[in-house]
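What follows is one structure encoded as structure tokens, with my remarks underneath.
The values are calculated or read from the model by the stated rules, or taken from the named source; none is laboratory data. Because the structure is predicted, anything quoted here is derived from the model rather than measured. Note that we place each Cβ from the backbone using ideal geometry, even for glycine, and neighbour counts take in every protein chain shown. Ligands, DNA and RNA are stripped out before the accessible areas are found, and what is left, the full protein with its side chains, is counted by its heavy atoms. Shrake-Rupley method; radii C 1.70, N 1.55, O 1.52, S 1.80 Å.
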Amino acid sequence: MADKSKASDFKRRRERNAKLRENRDLLDHEAEDRSRRIKIRRQQRLKKEAAARIQKRKRMFKVAIVWVGLIFLGFLAATWFSADFVHWMDSFLN
């Protein structure tokens, strides 16, 4: 009878240890999956932020080109019509 009790205790302990090991393995696997998902999300976020920075840089470059063009055209017009402008100012002041 005592041998049967020891054998059943040993069997229960072994089953409990096996279940604990299985649960630990499952938790470790879930932790690894979670780490992997976090890493993938971080990479996707960084890639998206980099694309947004590139788009912003392109947009800023285009706006800068437009402004430089407008300033250049303004100086060109001022130079082209400077003689007429000086003549007009002279006639206005006299």
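Taking the criterion of being under 40 Å from the mean Cα position of the chain (by Cα) and among the basic types (K, R), the residues of region 1-38 that qualify are R21, R24, R34, R36, R37.
Table: residues versus (1) part of a helix (DSSP H, G or I); (2) open to solvent by 100 Å² or more (accessible area, probe 1.4 Å); (3) of a type in the set (G, A, S).
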| residue | (1), (2), (3) |
| --- | --- |
| R21 | yes, yes, no |
| D28 | yes, no, no |
| R59 | yes, yes, no |
| A83 | yes, no, yes |
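Rundown of residues vs (1) modelled with pLDDT of 90 or more; (2) surrounded by 10 or more Cβ atoms within 10 Å (Cβ to Cβ); (3) of a type in the set (D, E), yes/no style:
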{"position": "S5", "(1), (2), (3)": "no, no, no"}
{"position": "F10", "(1), (2), (3)": "no, yes, no"}
{"position": "R36", "(1), (2), (3)": "yes, yes, no"}
{"position": "R42", "(1), (2), (3)": "yes, yes, no"}
{"position": "G69", "(1), (2), (3)": "yes, yes, no"}
{"position": "F72", "(1), (2), (3)": "yes, yes, no"}
{"position": "D90", "(1), (2), (3)": "no, no, yes"}
